[in-house]
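Accompanying notes for the structure given below.
Each value in this text was obtained by applying a stated rule to the coordinates, not by laboratory testing. If you're wondering where the values come from, they're calculated on a predicted model, not measured in any experiment. Neighbour counts run over all protein chains shown; Cβ positions are idealised from the backbone, glycine included.
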């Protein structure tokens, strides 16, 4: 069946540069330039005109290879996951492998934070994304976890990783904008979450939050760095997945048991 614009190009269902591309310009070069712009200026800096200027070509030259900015964004997303087809997840068990999978995804988002600004009306369907999903599904081989459940876990991990990366990226962007404008940074960024809770929360109205804010127990809100918090959240999710796997491995109780 016909694929939507962008996907048809990524999956080789549409020829590239049918309108007579100029020598020295290619789809790959356009995507690489767009990613350089996005890495330096954020996704809002990416336009067909800006990418054309980065390459030293006219804007119309780009349209001989890429039909629209939306298509360019799809190509950039696919390129951000380049190498996924040869990815080998290491570890002695499913948990080691899927943790590596999630950390690789987070590292990619930190390297290309503009991905967290991409529109996400549907799950990614680009070839590199599919290779990455395939590796994640394969990490559960031998666990007995059904493929549908594996896919739900992959989606949950991706949503968590994206959310954490976006929050970190938004904070970094806000601090950079303030510095560029010569303004003082947002004062809340100078305080840890538990410090603000201690300032704002009273024990009578919010007893659980108050106890959490003033707790000295291990694992309380005496803050770790952002990366450590991400790994702690990931560990909680994977602990729940282990319960799901263990529950599926238990034999069903028969009549009279």
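Structure data summary
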| quantity | calculated |
| --- | --- |
| Cα convex hull of the range 4-161, projected area averaged across orientations, nm² | 9.9 |
| Spacing of the two label points (7 Å from each Cα toward its C-beta) at residue 111 and residue 193, in nm | 2.8 |
| Separation of alpha-carbon centers, the range 76-107 and the range 117-164, rounded to whole Å | 10 |
| Inter-label distance, nm, simple model (7 Å from Cα along the C-beta direction), residue 171/residue 204 | 3.3 |
| Estimated translational D of the range 86-155 in µm²/s (Stokes, Kirkwood radius over Cα pairs; 4 °C; 1.567 mPa s) | 99 |
